[in-house]
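Below you'll find the structure I mean.
No lab work stands behind these numbers, since they all come straight from the coordinates. Nothing here was measured: the structure is a model prediction, and the numbers come from that model. Cβ placement follows ideal geometry from the backbone for every residue including glycine, while neighbour counts extend to all protein chains displayed.
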Amino acid sequence: MALTGLEIYKHLPKTNCKDCGFPTCLAFAMKMAAKQVSLDKCPHVTAAAKAALEAAARPPIQLVTIGADAQELKIGNETQLYRHEEKFYRPTLLAVRVCDTLEPAAASARLEAIAALSFERVGTKVSVEMVAVDNASADAARFESLARQAVEVTGRPAVLISAKAENLQRAARALAGKRPLLYISDPQQALAAAAVAKSENCPLAVRADGLEELADLTPKIEAAGLEQIVIDPGVRGLKATLEALTRIRRAALKNFRPFGYPTIAFTSAASAMLQVIEASTYVAKYASIVVTDLIERWQLLSVLATRQDVFTDPQKPVAVQPKLYTVGEVGADSPVLVTTNFSLTYYSVEGEVEASRVPAYILSVDTEGTSVLTAWASDKFNAGTITKALKASGIEQRVSHRKLILPGLVAVLSAGVEDESGWLAQVGPKEASGIPSYLKNQWKSN
Ligand code: SF4
């Protein structure tokens with residue numbers, strides 16, 4: 001939580017000695033609150049004041065780092081309860097679980113499937129980032145072996161799950177330097193696991209049987225010298241988990257230190273569809289990591305799409321570059337579809353044009369990333385902006401006809417577009433899903 005200038009001033013020496021380059025301690029405090037100067041510029045601040053200021057300036061939710069080098073992932077440091085108030089900063093990490101009770105062939109197949117869980121959606125690559133290795137067998141050697149294999153095959157950082165601190169230590173040593181997240185499932189072993197996490201330089205996830213026990217546990221872990229903590233309230237099932245995650249986030253943002261850590265949640269429903277709903281719910285509110293048994297691509301793409309939507313900045317529409325795009329082997333008689341540069345709109349149109357198998361041009365007009373109707377209502381998608389984009393795109397040199405296809409929702413623009421551009425404006429379908437039929441059955445270049 002950012003400190004005000006007056007809160008910082010209370011901890012300064014108040015001698016106005018000017019050694020920091022500012023005329024008074026108050027002036028220095030104000031600059032520090034505005035993040036224009038750092039505390040080390042004051043040579044007279046006491047160690048106690050420094051510690052107090054650093055503790056007070058700590059974020060309400062600790063930043064935790066998992067993985068190393070190119071695989072480094074960060075969670076925590078969130079500042080909001082409601083996304084519309086600012087934004088959520090660190091997308092929930094998804095971890096797909098593999099148990100060490102699986103037969104070797106089945107474990108290998110599952111790891112290969114996890115390695116392939118990457119997708120492209122609205123022009124962005126989205127992936128499952130982690131693999132969760134579950135020591136369900138309680139056997140240390142099997143756990144260590146699968147942990148090695150999981151990281152090697154998937155190329156992803158691991159969550160190592162065990163009820164035994166010594167098993168976590170063995171697997172963590174096998175992954176030395178890769179900084180896996182250690183998850184101790186037995187609360188009685190939490191302090192022993194904290195010692196392991198500290199010695200192996202790994203973050204630690206702890207669970208407790210309910211929020212009160214969790215609030216008792218985390219100060220003990222921190223007192224043991226570990227700040228890189230992830231918390232699991234220990235409840236399972238959608239309603240109880242959602243309630244617990246919400247209470248943790250609320251309390252953390254009110255600076256309740258025992259809950260000031262990123263959270264981990266597990267899907268547990270019997271059916272895959274319900275697990276998709278569970279995972280999507282935890283992504284929206286307020287899990288930092290979701291561990292799931294889902295493995296099919298359609299299941300995880302649903303969750304990743306939810307994550308992508310929740311973790312965009314609501315004040316900045318997701319936009320594509322406004323320009324002329326081509327789909328397929330376009331020629332002089334290919335259709336020209338006009339749309340906005342709102343990412344979701346553009347990729348919906350592009351996907352349907354691809355599905356039609358009719359090579360086409362798509363002219364994406366700069367509407368500051370807003371959708372067709374929003375842009376039309378705010379006068380960003382009008383005869384003038386469409387004509388300007390048309391002329392600037394160079395399309396007149398690439399096609400022999402002079403026909404463009406407008407989104408059906410803005411049929412009202414067609415006369416104005418024809419007057420300004422000199423092109424014939426044809427009214428296309430209202431929904432992108434109508435594009436394949438339109439291009440196959442109604443489009444003619446002459
Ligand atoms: Fe105050 Fe420190 Fe600046 Fe001196 S150096 S004026 S004590 S803030």
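How about Lys87: which aspartates and glutamates have a C-alpha closer than 13 Å to its C-alpha, ignoring those fewer than 8 places off in the same chain?
Excluding near neighbours in sequence, the set is Glu78, Asp309, Asp313.
So, one more: At a Cα cut-off below 19 Å, give the aspartates and glutamates reachable from Lys380, other chains included and same-chain residues fewer than 8 away excluded.
Asp366, Glu368, Glu418, Asp419, Glu420
Taking 0.36 nm per intervening residue step and subtracting the Cα-Cα distance, what contour gain separates Gln80 from Phe256 on full extension?
Net length gain for the segment: 61.9 nm.
Quick one: Thr15, Thr326, Thr340, fewest Cβ neighbours within 10 Å first, how do they rank?
Fewest-to-most ranking of Thr15, Thr326, Thr340: Thr15, Thr326, Thr340.
What does the convex hull of the Cα atoms of segment 130-239 come to per residue, in Å³, rounded to a whole number?
95 Å³
Can you put His84, His11, His44, His401 in order, fewest other beta carbons within 10 Å first?
With the sparsest Cβ surroundings first, the list reads His84, His44, His401, His11.
Given R₀ = 60 Å, FRET efficiency for Thr4-Met273 by Cβ-Cβ distance, to 0.05?
For Thr4 and Met273, the calculated efficiency is 0.80.
Related question: Taking the Cα atoms of segment 335-395, what is the range of coordinates along each of the three principal axes, in descending order and whole Å?
Cα spread of segment 335-395 along its principal axes, largest to smallest: 33, 24, 13 Å.
I would also like to ask the following. Students often forget the sequence filter, so: which lysines lie under 19 Å Cα-Cα from Lys178 once same-chain residues fewer than 8 apart are removed?
Lys74, Lys198
For Val196, Val153, which order do you get if you count the other beta carbons within 10 Å of each Cβ and list the fewest first?
Ranking Val196, Val153 by Cβ neighbours within 10 Å, fewest first, gives Val153, Val196.
Another question, then. How far is helix 104-115 tilted, in degrees, relative to the longest principal axis of the Cα atoms in the chain, given as a value from 0 to 90 rounded to the nearest 10?
So the inclination is approximately 60 degrees.
Across the Cα atoms of the chain, what radius of gyration and what greatest pairwise Cα-Cα distance (Dmax) are found, in Å?
That works out to 27.6, 85 Å for Rg and Dmax.
Let me ask another. Treat segment 276-318 as a sphere of radius equal to its Kirkwood radius over Cα pairs and apply Stokes-Einstein at 20 °C in a medium of 1.002 mPa s; give the translational diffusion coefficient in µm²/s, rounded to a whole number.
For these conditions, the coefficient is 196 µm²/s.
Next question, about the same structure. Just the ratio, please: alpha-carbon radius of gyration of segment 208-300 over 2.2 N^0.38 Å, N its number of residues.
After normalising by residue count via 2.2 N^0.38 Å, the value is 1.13.
Past the 18 angstrom mark, what percentage of all C-alpha to C-alpha distances in segment 143-194 do you count?
23 percent
So if we plug the beta-carbon distance of Asp139 and Ser199 into 1/(1 + (r/R0)^6) with R0 = 22 Å, what FRET efficiency do we get, rounded to 0.05?
Efficiency computed from Cβ-Cβ geometry: 0.50.
Right, here's the next one. Kirkwood hydrodynamic radius, computed over distinct alpha-carbon pairs, for segment 346-446: how many Å, to one decimal?
Every distinct Cα pair counted, the radius reaches 13.9 Å.
Of all GluC sites (Glu not before Pro) in segment 245-348, which ones are in loop regions per DSSP and have a Cβ with at most 10 other Cβ atoms within 10 Å?
Glu329
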